[in-house]
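The values are calculated or read from the model by the stated rules, or taken from the named source; none is laboratory data. What you are looking at is a predicted structure, and each value in this text was computed from that prediction instead of being measured. Quick reminder, even Gly has a Cβ in these numbers, built from the backbone with ideal geometry, and neighbours come from all protein chains shown. Heads up: the accessible areas ignore ligands, DNA and RNA and are worked out on the full protein's heavy atoms, side chains in. Shrake-Rupley method; radii C 1.70, N 1.55, O 1.52, S 1.80 Å.
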Amino acid sequence: HGERRLKIDSRVEAGVPTFGDREDMLELLGNLLDNACKWATSSVNCTVSGRGEIQLRVEDDGAGLSDQELERMTRRGTRLDESVEGHGLGLAIAKDIVNLYGGEMRFSRSSRLGGLEVRVHLPREGGGSASAVAG
């Protein structure tokens, strides 16, 4: 998404422990950030926080979604807009990873940026692999 010159801010809270399998976490964050970058007008924010429960928040300043579209977001293969390249699997894969770790993923409108906000909560003692990745 470099050609779009988006402003991408990321913040990792001090003291966030390592968590999850490295490849799982790269896939999860990669899918969430890719989706945000596709729809952003100019800005994407990513925050990683938590000590007991890992919390990820990815938000953009795009047009956002209606309540009905928010509900359909994680259905595998659902494409809300065919004008943007992709297969409609990114957020469904992200949800599968979150479920593997016993976590939760929620979609809403970003109060800061106005577009989509995705919040992921992963318990420290979740499922998944025993390998770890730095948050």
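Worth pointing out:
- Separation in nanometres of the label points that stand 7 Å from Cα toward Cβ, at Lys7 and Ser111: 2.1
- Residue order for His1, His121 - accessible surface, 1.4 angstrom probe, largest first: His1, His121
- Gain upon complete extension [Arg72, Arg124; 0.36 nm per residue less C-alpha separation]: 15.9 nm
- Within segment 1-74, the proportion of Cα pairs with more than 18 Å between them is 47 percent.
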